[in-house]
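To keep things clear, I will list the structure first and then write my remarks on it.
Laboratory data are not the source of any read-out in this text; all were calculated from the coordinates shown. All values derive from a computational prediction rather than experimental measurement. Here the Cβ positions follow ideal geometry from the backbone for every residue, glycine too, while neighbour counts run over all protein chains shown.
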Amino acid sequence: MSLLKRISFKDQAFQQREDAILDAATRILTNRGFDLMTMDEVATDVGVSKPSLYKHFKSKEELAGECMIRLLDGANETLAALPDDLPALERIRRLLGWALDLRLKGGLPFLPATSPHVRDMLVKNLGYTMRALKLNNALVKLVRDAQKTGQMRKDLPEDVILYSFYARTCDPSVEFLRLYSKLSNAEIVEHTLSVYFGGVGAKP
């Protein structure tokens with residue numbers, strides 16, 4: 001076997017282990033939050049030693065930051081993959097639907113809403129802030145386009161619409177519906193979208 005192939009296999013194994021670490025950390029962050037997550041717990045969940053875990057991420061803060069970066073990458077990629085001819089309102093709707101579906105599957109830690117410490121930690125993470133700014137700028141443009149074309153209420157400030165969008169992704173009612181209603185995940189997503197867009201959408 002050539003040296004190039006050996007390096008390739010080694011790199012693949014490293015990346016697969018890193019993906020597994022991020023998956024485990026995301027689940028723990030979603031269920032328990034940043035303060036209760038420990039590196040020992042993540043290592044145990046993945047089935048690696050703590051020294052192996054630290055080869056990938058030097059601290060809990062770095063690991064949580066990478067989880068959020070991966071989440072924002074997913075959001076930006078989802079938005080970019082939508083057909084260009086979709087109306088602005090439908091693009092916003094599909095992005096929120098993606099986020100809600102991801103949350104119901106345990107893949108959406110809403111860390112910025114948890115504590116000032118976590119928010120400060122993320123603000124200092126350049127990779128996170130760049131991606132968050134990219135997503136926010138794209139959403140601002142979509143909201144303005146939707147208002148301009150009469151798809152969204154023009155009497156609502158864009159900040160109200162945007163922050164209501166972000167808040168909906170971490171609305172506790174979604175979790176209550178998952179636990180106590182007889183609705184499927186798809187039905188929960190559809191009804192939650194209906195509640196949100198019934199409020200910000202333009203009236204007939």
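For Met152, the residues whose modelled amide H falls within less than 5 Å of its own, excluding neighbours fewer than 5 places apart on the same chain, are Gln147, Ala202.
Only lysines eight or more places from Lys141 in sequence, or on another chain, were considered; those with a Cα closer than 30 Å are Lys105, Lys124, Lys154, Lys203. Ranking Leu82, Gly107, Gly97 by Cα position along the charge dipole of segment 1-121, where only Lys, Arg, Asp and Glu carry charges on their C-beta atoms, puts Gly107 farthest toward the positive end.
Each residue of segment 14-25 is assigned a 3J(HN,Hα), and the resulting list reads 4, 5, 5, 5, 5, 4, 5, 5, 5, 4, 5, 5 Hz, derived from the Karplus form 6.51 cos²θ - 1.76 cosθ + 1.60 (θ = phi - 60°), x at Gly and Pro. Taking percent of Cα pairs over 25 Å apart as calculated from this structure, the corresponding entry among [x] 30; [y] 46; [z] 39 is [y].
Lysines near Lys50 by alpha-carbon distance under 23 Å, same-chain residues fewer than 8 away left out - which ones? Those lysines meeting the cut-off are Lys10, Lys58, Lys60.
For the chain, set up a Gaussian network in which alpha carbons nearer than 10 Å are linked by springs, and say which option among Ser115, Ser194, Ser181 fluctuates the most. Most flexible of the set in this elastic network: Ser181. Taking Met152, Met68, Met130 in turn, the Gaussian network model of the chain (Cα-Cα springs below 10 Å) assigns the largest fluctuation to Met130. Across segment 122-128, coupling constants 3J(HN,Hα) worked out from phi with the 6.51/-1.76/1.60 Karplus curve, θ = phi - 60°, read 6, 4, 7, 8, 4, x, 5 Hz, and Gly and Pro carry x. In terms of the mean number of neighbouring beta-carbon atoms within 10 Å, the peptides 100-106, 49-55, 39-45 order highest first as 100-106, 39-45, 49-55.
Of all aspartates and glutamates in the structure, those lying under 12 Å Cα to Cα from Lys134, and not within fewer than 8 positions of it along the same chain, are Asp73, Glu77.
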